[in-house]
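The values are calculated or read from the model by the stated rules, or taken from the named source; none is laboratory data. Predicted, not measured: the structure shown is a model, and the values here were computed from it. Glycine gets a Cβ as well: all are built from the backbone with ideal geometry, and neighbour counts include every protein chain shown.
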Amino acid sequence: MDIKSLYLDELIDEMKKLNQPAFRAKQIYEWMHVKLASSYDDMTNLSKDLRGNLKESYPLTRLELVDKLVSEHDKTTKYLFGLHDKRVIESVLMKYRHGNSVCISSQVGCMMGCTFCASTIGGKERDLTASEMLDQIYKIQALSGERVSNVVVMGTGEPLDNYHNLIRFIRILTDEKGLNISARNITVSTCGIPDRIRDFANEGLPVTLALSLHAPNNEIRKKLMPVARIYKLTEVLDAFAYYYEKTGRRLTFEYSMAEGINDEEEHARELCHLLKGYNCHVNLIPINPIKERNYVKSDNKKIQNFKNILEKNRINVTIRREMGSDINAACGQLRKSYLELVDKR
């Protein structure tokens, strides 16, 4: 029983099985999700016997810090956390003037196969539980001593491929009896799975949904992202329009720019045509080169010209600020480097 993944009403039911009153469940819930206790021993207002029973029947999810890298440029901090089964995941703390943002992983590895991404090398090993997703935030907040105000589910993994754990994670994270982070301060990034996007729209969670677009047409997208061979861009965009209709949340499109692949003026004009009529924002991302692939980052002049074309067509656009460029900025690289080191041992 993964106690940290339980909703409060489910936890109350579990405590009834131990002949414990409802207020005990509320105390335990507060210890886990507000006080961020990493051990039952920290829960000092519980009896010793109850703590013993909890240890025996309800193992408490607790990530272990394996490694940490801090950028000398902007204090972005990348964490490598160990899981109970000896696997490792990455999370990133980014500091902005408006508050601290944490980027978390939703899976160990990834099955999407995007050709420019280090996270997908080696494939998907397993889904993360809701508690393992939550504990990335809890652990970073405890280690940094600073409040986390924004969460982006943009690390390793495809969140909508781990749908039920994702929903549970969001509901607990936004619970007023927990850390109480506003749903409007949460962004979920997806490669584009139409059925799941529609399911997500029906959940009543006003989070920002971001599509990893990366191409102005399906043909280029298929070369970059195998998922585009299964779901046509028109299907994905229709599902995104449905998400906007149900939630009223402006859509976000992520566009990684690779030299000679998707960064020409004709691509910008085609993208303008594709997104015409959408209430959206486009993030242009200078692609993170990784040693396993031969993609080259577009030069600044080309990126700026691309941005200008979108703006002239009244599309909201920003160039993503590069953060942590000196600490293995590419998603999945720290984990991969660690695993390679372990293999050599």
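Remarks
- Within the stretch 207-226, restricting attention to residues that are within 18 Å of CYS110 (Cα to Cα) and under 21 Å from the mean Cα position of the chain (by Cα), the residue that is surrounded by the most Cβ atoms within 10 Å (Cβ to Cβ) is LEU213.
- Here ARG24 meets each of (1) within 28 Å of GLU125 (Cβ to Cβ); (2) of a type in the set (Lys, Arg); (3) touching a residue at least 12 places away in the same chain (Cβ under 8 Å) with one exception, condition (1).
Residue by residue, here is whether (1) basic (Lys, Arg); (2) part of a loop (DSSP other than H, G, I, E, B); (3) in contact with an Asp or Glu (Cβ under 6 Å, 6 or more places away or on another chain) holds:
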{"residue": "ARG171", "(1), (2), (3)": "yes, no, no"}
{"residue": "ARG184", "(1), (2), (3)": "yes, no, no"}
{"residue": "GLY192", "(1), (2), (3)": "no, yes, no"}
{"residue": "ILE197", "(1), (2), (3)": "no, no, no"}
{"residue": "PHE200", "(1), (2), (3)": "no, no, no"}
{"residue": "ILE220", "(1), (2), (3)": "no, no, no"}
{"residue": "VAL236", "(1), (2), (3)": "no, no, no"}
{"residue": "TYR242", "(1), (2), (3)": "no, no, no"}
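- Pairs, first surrounded by 14 or more Cβ atoms within 10 Å (Cβ to Cβ) in the stretch 43-60, second of a type in the set (Gly, Ala, Ser), C-beta under 7 Å, six or more apart: MET43/ALA37; LEU60/SER39
- A single entry from SER105, SER119 fulfils the requirement of being crowded, with 24+ Cβ neighbours inside 10 Å, among the small types (Gly, Ala, Ser) and in a helix (DSSP H, G or I): SER119.
- On inspection, HIS98 does not qualify as within 22 Å of THR120 (Cα to Cα) and either more than 20 Å from the chain's Cα centre (by Cα) or surrounded by fewer than 19 Cβ atoms within 10 Å (Cβ to Cβ) (or both).
- Of SER182, SER144, all but one fail to be at negative phi, without any contact (Cβ under 8 Å) to a residue 12 or more places away in the chain, among the small types (Gly, Ala, Ser) and assigned by TED's automatic domain parsing to the domain that holds ILE261; the exception is SER182.
- Taking the criterion of being at pLDDT 95 or above and surrounded by 13 or more Cβ atoms within 10 Å (Cβ to Cβ), the residues of the stretch 17-28 that qualify are GLN20, ALA22, ARG24, ALA25, LYS26, GLN27, ILE28.
- In the stretch 91-129, the residues that are aromatic (Phe, Trp, Tyr) and under 21 Å from LEU69 (Cβ atoms): TYR96
- Residues being part of a loop (DSSP other than H, G, I, E, B) and of a type outside the set (Val, Ile, Thr) - total across the stretch 52-83: 11
- Selection count where residues are acidic (Asp, Glu) and out of contact with any strand residue (DSSP E or B) (no Cβ under 8 Å at 6 or more places or on another chain), scope the stretch 160-176: 2
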